[in-house]
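To start, the structure under review is shown below, and the notes come after it.
A short reminder: the numbers here are calculations on the coordinates, not readings from a lab. Bear in mind the structure is a predicted one, so any value in this text is a computation, not a measurement. When we count neighbours, we look across all protein chains shown, and the Cβ atoms used for this are built from the backbone with ideal geometry, even at glycine.
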Amino acid sequence: MSTITYLLLQIVMIILLAPLVNGVIGKIKALTQKRTGAPVLQMYFDLHKLMQKSAVVSDVSSWIFRVTPYIVFGTAVVAAMLVPVSVRILPDSIPGDMIMLFYILALGRFFICLAALDTGSAFGGMGSSREVMISSLIEPSVIVVIFTLGLISKSTSVFIIMETMAQRGSSFIGPVTILLFLAMLMILIAETSRIPIDDPATHLELTMVHEAMILEYSGRHLALMEFGAVIKQMMLMTLMVNIFLPLESFVTVAGFPGVALSLLIYLGKMLVLTVIIALIEVNTVKVRFFSIPNLAALSFILAFLGFMQYFVLGRS
Amino acid sequence: MEHYLDLLSVLMLLSAIMLVSHKRIRSYIRTFRLQAILIAVIAGFMGFESLMTEGSIDILVICVIIIALKVVIIPMLLHKTFANVEDVVEKDFYLNIPILILMSCVLVVFSYFTLSGISGLASGHVNLQVVNAFSVILIGFFFMISRKKAIGQIIGYLVMENGIFVTAIFSTHGMPFIVDIGIFIDMITAVLIMGVMVVQINEKFDSININNLRNLRG
């Protein structure tokens, strides 16, 4: 399979599956609370409905407000293209750098923050100030995780990192891996605005962060914003499962059955991570905003200890 | 085998750092219990190994004692003691929590540089495990001096003791049986006495903040 076909297939697959993750998380949460909950496909219906409505744009806003949804969606899609869903399917490596990946996402976030300030509403300013604080707190941990993975695989290319982790095979629950996994889990939660950091299901003035920033959007703009957010989440989860749960070595058959099997394994791993995230959401409460530095420091120290166990003490 | 011990020693260090980031008494006790379970697993691994190679069951017996004492009895005693103390959340620290967490990271680095100077430890798997276990001692001590309430200090003492036990078991693969038993008996006595003390302090001073102990009352 040529690289171009593969990339197209992958991006279509990620875009189509992304809203499903939220549906599954919502369903698990509902089941633990003895509710029936919304259908798993609810987010597709929502996006479809929003796409058909016209967008309301404030008179006082500038071009930034109108262009941001496309930038957010675009950066999420480009970032998702850099992350292979499975290293076994590809004939050769695809370009894509971990550092670039995270800063492409940062571009999208930068524009969300600008757009939130653009309309001049009080919530937008508050939301973007909080978002910037959270992202700058979590950034040291992101950097240390990237560089530790880079040291392990002697490269910052996403593909090579995943391949190295897949070749390590049986030692994938070593100390370094588990520390980096936990650090990355916190990064994932912070980046996707999930419960201990931010509550995606509320519009309460005092607590909302991500919701406050997209409060002024409506219609297809809102749909693009939400779609971009779920694609970003799907991308980060793909990155995580392929780095920390490398099961590709079990696929020995080549050709079409091999591809199908790899994709099945990928979906299974995603389901496992989705369940983990849902269980975290069920079992924790949203922390006070000024307690977020504690979580960020914890994430940083997990990453740093992982770095130290690998680089200074030489254990994998 | 060594691979799992590596992992367990890191998890143990992690539980100590988690403890530093908590500020509720129930979470203190829960994390302490988690750490005790990890120690029991470590002792179980070691004991199984020594049963296979030398045929001695000393460490397995110690593992059972740890489960009975640290996983069941001491958390129960602590719950009982803290039931009649009012504060369930520690509100003030000498430093804020992110700084405490970063300081415990510094302690890990410090213990690495201290231990790497000791000959015999710097090679093989022992190195990593002893560094992690020794860091637990230091973090327990640091936890003790960073909390203002007597409860934090009791937990810090217990964590320090856990660290000492694990350092000993990692560096010697099992101390003499009588020494371990002696330490455990000391520890349970200490917890009992400190429990009584906390209740007394709380009655006399209406608070368990140790800063109040400096004031004369009359």
| message | I'd like the distance separating the alpha-carbon centroids of the range B:29-83 and the range A:16-68, in whole Å. | response | 49 Å
| said: Need one value for A:296-307: mean number of C-beta atoms belonging to other chains within 10 Å of its residues' C-beta atoms. | reply: 5
| Relative packing of A:94-107, B:151-164, which averages over residues the other C-beta atoms within 10 Å, highest first | B:151-164, A:94-107
| message | Taking 8 Å as the Cα distance limit and 6 or more residues as the minimum spacing, I'd like the relative contact order of chain A as a percentage. | response | 29 percent
| query | Which helices count as membrane-span-like in chain A under these terms: full DSSP H, at least 18 Å along the axis by C-alpha, Kyte-Doolittle mean of -1.0 or more? | reply | A:3-32, A:63-82, A:98-118, A:122-153, A:175-191, A:219-244, A:255-283, A:292-311
| Normalised by the residues of the range A:165-260, what does the relative contact order come to in percent, with Cα pairs under 8 Å and at least six apart? | 37 percent
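Taking R0 as 35 Å, what FRET efficiency do you get between residue A:288 and residue A:62 from their Cβ-Cβ distance, rounded to the nearest 0.05? Before the final figure, lay out the partial values.
Working: r = 35 Å, r/R0 = 0.99.
Step by step, r from the Cβ atoms, then E = 0.50.
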| message | For the range A:94-108 and the range B:145-174, what is the centre-to-centre distance using only Cα atoms, to the nearest Å? | response | 43 Å
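With a cut-off of at most 10 other beta carbons within 10 Å, and DSSP calling the residue loop, which trypsin sites (Lys or Arg not before Pro) in the range A:112-190 qualify? Please list them.
Sites meeting the loop and neighbour criteria: A:154.
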| remark: Pairs over 23 Å Cα to Cα, from B:70/B:204; A:49/A:232; A:29/A:53; A:53/A:286, come to B:70/B:204; A:29/A:53; A:53/A:286
| query | How many nm separate the modelled label positions at residue B:110 and residue B:73, each set 7 Å beyond the Cα in the direction of the Cβ? | reply | 3.3 nm
| task | With a length cut of 18 Å (Cα positions projected on each helix's long axis) and a Kyte-Doolittle mean of at least 1.0, go through chain B and give me the DSSP H helices that pass. | result | B:2-21, B:25-53, B:97-115, B:126-146, B:150-172, B:177-205
| note | Taking the protein assembly as shown and counting helices only, DSSP H stretches of n ≥ 4 at -39,500 (n - 2.57) each over all residues, the nearest-500 ellipticity at 222 nm comes to -24500 deg cm²/dmol
| query | When only C-alpha pairs under 8 Å and at least 6 residues apart count, what is the relative contact order of chain B, in percent? | reply | 24 percent
| To the nearest 0.05, what FRET efficiency results for residue A:4 and residue A:139 with a Förster distance of 45 Å applied to their C-beta separation? | 0.85
| note | Partner shielding of B:129-140, as the mean number of partner chain Cβ atoms within 10 Å, equals 1
| field | Inter-label distance, nm, simple model (7 Å from Cα along the C-beta direction), residue A:202/residue B:61 | value | 5.5 nm
| field | Shielding by partners - mean other protein chain Cβ count within 10 Å, residues of A:174-184 | value | 3
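Between the DSSP loop rule and a limit of at most 16 other Cβ atoms within 10 Å, which chymotrypsin sites (Phe, Trp or Tyr not before Pro) in the range B:1-105 are left?
Of the chymotrypsin sites (Phe, Trp or Tyr not before Pro), the ones in loops of the range B:1-105 whose Cβ has at most 16 other Cβ atoms within 10 Å are B:94.
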